[in-house]
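The values are calculated or read from the model by the stated rules, or taken from the named source; none is laboratory data. From a predicted model like this one, the values you see are computed outputs, not experimental measurements. To get the accessible areas, we keep the full protein, side chains included, count just its heavy atoms, and leave off ligands, DNA and RNA. Shrake-Rupley method; radii C 1.70, N 1.55, O 1.52, S 1.80 Å.
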Amino acid sequence: MKFATTSSLLLRAFINYFDSKGVNVDLYLSQNYLPNKFIIMNKNVIVSTPLIYRMFEDIGCKEGLRGFGWVVGNNSSLDGLAKISLRAAEKSNLGEVIKEFVNQSPKGSSHANFFITEHKDTIEFCHKGGVNKLNKGYLELELFLLGFFKQFISIITGEKIDLFCAKIRSKASHYIPMKEIRDCQAYLSFLIPKRMLELPNLQKKHNFNENEVEDTEDSQLLNYRSCAPLERLRLILLNYDVSQLPPVNIIAEMEECSTRTLQRELSKANSSYIEIIQEIKMLNAAVLMKNDEFSVENISQQLGYKHVSHFSRAFKKYFSTTPSSYRKNYKR
């Protein structure tokens, strides 16, 4: 299990673009089982990457939008890939900046990687996506990365880079001129002339401040891979309204596997979908219990319990104390 994710910082850039085109983003987020717009726009969280692909494909088909990843990438800010970009901006020249992306990507929230291959007069800067099968939503995110790095390199060096070639995932050995690239193709890499690698970094930051990009709770963005798979799933689900938690088949889609395979893998980890959802509810209950504005009955309703007695029983089983006792102990 891996549960690949993307930072909400990146997703915000797309949402702003969709808003400018009059797209009902709230509807598409809901239909594709993603956290609500308020959370994505106001909190630094991790979001299921396969569900983002799903939403992008949905919007592209129903709204007639194509190639929007390229537009969003070209207009993203210097910190378009969150802390990875800002760490790279510490380096002295373009070559070191690119190497830093490679060094930092394993610590990011996604299971995709950047890597470099060397040719006679160029280096090939590559992005390896973490998908089992291609879809149009995935291609839009690849377009974003291509557009982002095009403008990022221009900002770093002060020179306009000519991305004259890109590699297509479906034909991994085939290069095509940029002018011939269609928006239905995925990009794995582009070529950078070696002569550009020594260009000084005009945006160099001598003292990187991690607070420049709002941190996620428990350092989700940079420490994501250190979490066990079930912990990663919990981090994803904690960003949902409890009343809108994804059903088990959508959890399987997050993992890009069948429901049966997911259930088998969870069983191997001594867990189950029901147990995970119950745990998410209890973690939310603990937060709500700290607010005196909510009665125990109100909290039970918010968490989807039909009877407060059912909630109290579940709460006591999880925390080994009653809701009222938990609240009293918290106030001390």
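Within the full protein context, the accessible area of residue 287 is estimated at about 100 Å² for a probe radius of 1.4 Å.
The gain in end-to-end length when the residue 330 to residue 275 segment is fully stretched comes to 17.3 nm, 0.36 nm per residue minus the alpha carbon separation. Note on exposure: 39, 98, 274, 155 ranked by accessible area (1.4 Å probe, complete protein assembly) read 274, 155, 39, 98, with the most exposed listed first. Residue 297 exposes around 110 Å² of accessible area when a 1.4 Å probe is run over every protein chain in place.
When the surface is traced with a 1.4 Å probe over the full set of protein chains, residue 243 keeps roughly 90 Å² accessible.
Stretched out straight at 0.36 nm per residue, the stretch from residue 301 to residue 257 would grow longer than its current Cα-Cα span by 12.6 nm. In a fully extended conformation the segment linking residue 19 and residue 38 would gain 5.5 nm over its present Cα-Cα distance, using 0.36 nm per residue. When the solvent-accessible area of segment 1-70 is split by element, carbon and sulfur atoms take up 48 percent of it, the probe being 1.4 Å.
For segment 292-332, what does the alpha-carbon gyration tensor say about shape, rounded, prolate or oblate, given a ≥ b ≥ c as the root eigenvalues, a/c under 1.5 as rounded, and a/b over b/c as prolate? Because a/c hits 1.5 or more and a/b fails to exceed b/c, segment 292-332 counts as oblate. Computed over protein heavy atoms with a 1.4 Å probe, the carbon and sulfur contribution to the accessible area of segment 232-325 reaches 48%. Solvent exposure of segment 246-305, expressed per residue, is 52 Å² of accessible area, with all protein chains present and a 1.4 angstrom probe.
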